[in-house]
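Novice: Mind looking over this structure? Questions follow.
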Amino acid sequence: MKRRDFSTLLAAAPALGTASHALAQGGPVEGRQYLVINPPLPSTPGKIEVVEFFWYGCPHCYAFEPAVEAWSKQLPADVSFRKVHVAFRANVKIHQRMFYALEALGKEAATRQAIFNGIHQQGLGFEDAKAQAKFLGPLGVDAAKYQEAYNSFGVVTKCQQAEKLSEAYRIDGVPMLGVGGRFLTSPGQAGVGATQRLPEHELGAKALQITDFLIQRVRNKA
């Protein structure tokens with residue numbers, strides 16, 4: 001979803017072909033299926049970090065979640081994966097605080113799907129920490145500890161770091177995948193240049209194929 005209009009991500013890529021089309025034609029194309037970050041961002045020696053930039057309220061992130069979650073559990077030892085919650089506008093910043101508060105409590109992964117479902121199936125807004133704590137209580141999150149984490153300096157710092165990384169990667173929509181500080185791709189980019197629109201689950205699968213390709217490129221340059 002775009003920073004200026006979260007509903008336009010897939011509309012920006014109306015032409016899609018088969019999921020293997022780009023690979024069959026010799027690999028993803030720079031400037032179309034992925035972008036190069038120049039200059040590259042700092043990285044940890046011997047480790048290739050993949051970052052998924054996302055927002056709980058993004059329907060495309062919701063659709064992408066099952067694929068990227070399964071993919072992230074099968075990564076080789078030299079690849080790490082983490083999520084970074086963006087903060088494009090005021091209500092998104094509130095969701096960002098929720099993400100990092102839950103992460104600080106060690107509860108984010110366990111509650112993520114319920115949060116996605118709450119927003120996209122039940123129409124919940126999670127508009128403040130009190131509403132969030134009420135929802136999270138039955139999921140095993142202590143309300144007092146949650147409120148403390150939500151308002152903590154550590155969570156504020158994590159949010160600031162997330163915004164700086166989003167700016168460094170020049171993120172203008174979600175979901176997007178940063179690879180090794182060198183490359184950027186997304187389900188929307190994955191479909192650019194083909195001939196027909198694919199379902200979102202196929203777009204997600206293709207984006208992860210491209211991510212694997214980019215991981216190998218980073219590995220070869222190491």
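The values are calculated or read from the model by the stated rules, or taken from the named source; none is laboratory data. Just so you know, these numbers come straight off a predicted model, no measurement behind them. Note: ideal-geometry Cβ built from the backbone for every residue, glycine included; neighbour counts use all protein chains shown. Note: areas computed on protein heavy atoms with side chains; ligands, DNA, RNA excluded. Shrake-Rupley method; radii C 1.70, N 1.55, O 1.52, S 1.80 Å.
Novice: Which option, (1) 55, 39, 31; (2) 66, 40, 33; (3) 62, 35, 33, is the value of Cα extents along the principal axes in Å that was calculated from these coordinates?
Specialist: It is the one labelled (1).
Novice: Would you please give the residues with an amide H less than 5 Å from that of Val29, counting only those at least 5 places away or on a separate chain, with H modeled from the backbone geometry?
Specialist: Result for Val29 returns Tyr34.
Novice: While we're on this one: Out of the DSSP beta bridges found with both residues in the chain, what percent are antiparallel (nearest 5)?
Specialist: Approximately 55 percent, going by the DSSP bridge assignments.
Novice: Moving on to the next point. Specify the angular offset, from 0 to 90 degrees and rounded to the nearest 10, of the alpha carbon long axis of helix 153-168 from the longest principal axis of the alpha carbons in the chain.
Specialist: 20
Novice: What is the angle, in °, between the Cα long axis of helix 59-72 and the longest principal axis of the Cα atoms in the chain? Nearest 10 is fine, range 0 to 90.
Specialist: 80
Novice: I'd like the FRET efficiency for Phe153 and Ser43, computed as 1/(1 + (r/R0)^6) with the beta carbon distance as r and R0 of 22 Å, rounded to 0.05.
Specialist: 0.25
Novice: Same structure again: Tell me, what is the per residue accessible area of the chain in Å², probe radius 1.4 Å?
Specialist: 48
Novice: Tilt of helix 200-221 relative to the longest C-alpha principal axis of the chain, in degrees (0 to 90, nearest 10)?
Specialist: 70
Novice: Using alpha-carbon pairs under 8 Å, 6+ residues apart, how would you state the relative contact order of the chain in percent?
Specialist: On the way: 324 pairs, mean separation 85.3, N = 222.
Averaging sequence separation for qualifying contacts and normalising by length gives 38 percent for the chain.
Novice: Spit out the partnerless Cys residues in the chain, using Cβ distances under 4.7 Å as the pairing rule.
Specialist: Isolated Cys, the chain: Cys159.
Novice: Could you please state how large a percent of the accessible area of the range 61-169 is carbon and sulfur, counting protein chains only and using a 1.4 Å probe?
Specialist: 54
Novice: Tally Lys/Arg at +1 and Asp/Glu at -1 over every other residue whose Cβ is under 14 Å from the Cβ of Glu69; what's the total?
Specialist: Numbers: positive: Lys73, Arg82, Lys83, Arg112; negative: Glu52, Glu65, Glu108.
Residues near Glu69 contribute +1 overall.
Novice: Local charge sum around Tyr146 (other residues, Cβ-Cβ under 11 Å, Lys/Arg +1, Asp/Glu -1)?
Specialist: Values: positive: Arg97, Lys107, Lys130, Lys134, Lys145; negative: Asp142, Glu148.
Surrounding charge for Tyr146 is +3.
Novice: Relative contact order for the range 93-219: what percent, with Cα pairs under 8 Å and sequence separation of 6 or more?
Specialist: Taking the mean separation of contacting Cα pairs over the length of the range 93-219, I get 19 percent.
Novice: Distance in nm between label sites at Ala144 and Ala131, each 7 Å beyond Cα in the beta-carbon direction?
Specialist: Once both label points are built, they end up 2.6 nm from each other.
Novice: Using a 1.4 angstrom probe with every protein chain in place, what is the largest-first accessible-area order of Val174, Val156?
Specialist: Val156, Val174
Novice: Mind checking which aspartates and glutamates have their C-alpha under 15 Å from Lys221, skipping anything on the same chain fewer than 8 residues away?
Specialist: By straight Cα distance, Lys221 reaches Glu49, Asp78, Asp212.
Novice: Given a cut-off of 19 Å, name the pairs among Lys83/Lys145; Lys107/Lys145; Lys107/Lys134; Lys107/Lys130 whose C-alpha atoms lie farther apart than that in the structure shown.
Specialist: Over 19 Å Cα-Cα: Lys83/Lys145.
Novice: Can you tell me how much longer the chain between Glu69 and Gln122 gets when fully stretched, taken as 0.36 nm per residue apart minus their C-alpha distance, in nm with one decimal?
Specialist: This chain segment gains 16.9 nm when fully extended.
Novice: Got the relative contact order for the range 18-149 handy, in percent, Cα pairs under 8 Å and 6 or more residues apart?
Specialist: Once divided by the residue count of the range 18-149, the mean separation gives 21 percent.
Novice: Straight-line reach from Lys206: which aspartates and glutamates fall under 17 Å, measuring Cα to Cα and dropping same-chain residues less than 8 apart?
Specialist: Glu30, Glu52, Glu65, Glu69
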